[in-house]
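Shown next, in structure tokens, is the structure this report addresses.
The values are calculated or read from the model by the stated rules, or taken from the named source; none is laboratory data. Just so it is clear, the structure is predicted and the values come from calculations on it, not from any experiment. Here the Cβ positions follow ideal geometry from the backbone for every residue, glycine too, while neighbour counts run over all protein chains shown. Heads up: the accessible areas ignore ligands, DNA and RNA and are worked out on the full protein's heavy atoms, side chains in. Shrake-Rupley method; radii C 1.70, N 1.55, O 1.52, S 1.80 Å.
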Amino acid sequence: MNGVRLEGKVAVITGSGRGQGREAALLFSREGAKVAVFDIDGSLAGETSRLVTKEGGESFCLTGDVSNPEDVRRLMDGAAERFGQIDILYNNAGVFLPDLDDEVVNAPLDVVDRILDVNLKGVFYCCKYGIPHLLAGDGGSIINTASGLGLKGGSVAPAYSASKGGVIALTRNIAVTYGRQGIRANAICPALVNTPMIDYYFRFATRQELGTAYPLGRIGEPIDTALLALYLASDESSWVTGAIIPIDGGHLA
């Protein structure tokens with residue numbers, strides 16, 4: 001470990017088996033946090049946890065699905081029991097199924113259900129079962145992963161867009177409801193980030209070609225979103241709540 005911005009804090013990070021979640025788990029640990037890793041893929045969760053401990057951090061991992069409320073309850077209770085508290089809840093888990101998430105009139109209902117179950121209801125469950133643990137301490141920070149597609153229209157992935165718009169509304173509700181009890185809630189809205197979730201786009205263009213759509217000339221990297229999440233998790237953002245923050249290389253601009 002080489003930082004102190006999260007010293008003494010406990011972070012629960014969903015979807016931290018790979019990609020943006022793994023990057024955040026490693027970064028949070030380097031900044032002093034104890035990290036509970038949660039992913040639907042147990043082997044990936046275990047690998048992230050091992051990487052954290054290899055660097056000298058403290059971590060444990062659980063396998064489960066955020067769309068299953070009992071899995072989520074087990075995660076929150078387990079993290080609080082293991083580490084004594086929860087201070088940071090980073091709801092990062094999500095699914096993106098562009099091959100199946102067709103235009104509204106053609107979208108298979110089971111696909112719509114799966115996307116809403118994970119991306120929206122999963123965040124709801126994590127907040128439902130995580131907030132009591134934050135309230136048991138001095139409050140804390142909730143960071144929800146939304147998307148640029150929750151802020152603007154697009155010609156693809158309507159269920160995904162709807163789920164992320166719901167996350168934005170939920171984030172604002174929680175910020176208003178629990179602010180006076182010491183809980184901050186913010187949402188980050190990435191555009192394309194170079195993780196396995198966007199392999200779909202690499203069928204049509206290279207990373208460099210995709211980057212031409214952005215004023216800064218590139219797509220995002222996991223460290224970009226992890227650094228924003230770190231700021232929101234830390235006391236440096238103590239007067240930031242209800243914020244919906246694009247992180248998109250200037251795309252929305």
If you take the square roots of the eigenvalues of the alpha-carbon gyration tensor of the range 54-97 and sort them as a ≥ b ≥ c, do you get rounded (a/c under 1.5), prolate (a/b over b/c) or oblate? oblate
So, with +1 on the Cβ of K and R and -1 on the Cβ of D and E, and no other charges, what is the size of the charge dipole of the chain about its Cα centre, to the nearest 20 debye? 460 debye
In Å², and per residue, what accessible area does the range 123-253 have when probed at 1.4 Å with the other protein chains present? 46 Å²
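Rounded to the nearest 500, what is the chain's calculated 222 nm mean residue ellipticity when only DSSP H runs of at least 4 contribute -39500 (n - 2.57) each, over all residues?
-12500 deg cm²/dmol
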Compute the acute angle (0 to 90°) between the alpha-carbon long axis of helix 69-83 and the principal axis of greatest extent of the alpha-carbon atoms of the chain; round to the nearest 10°. 40 degrees
Could you give the length gained on full extension between ALA253 and GLU221, defined as 0.36 nm per residue of separation minus the Cα-Cα distance, in nm? 9.6 nm
At a 1.4 Å probe, what is the % contribution of carbon and sulfur to the accessible area of the chain? 53 percent
Rounded, prolate or oblate: which one fits the range 1-64, using the alpha carbon gyration tensor with axes a ≥ b ≥ c (rounded when a/c is under 1.5, else prolate when a/b beats b/c, else oblate)? prolate
Once Lys and Arg get +1 and Asp and Glu get -1 on their Cβ, which of ILE219, GLY139, ALA187 lies farthest toward the positive end of the dipole of the range 96-240? GLY139
Projected onto the charge dipole of the chain (+1 at Lys/Arg Cβ, -1 at Asp/Glu Cβ, origin at the Cα centre), which of ALA25, LEU252, SER234 gives the Cα projection farthest towards the positive end? SER234
If one computes the Cα centroid of the range 92-130 and of the range 5-48, what distance in Å separates the two points? 22 Å
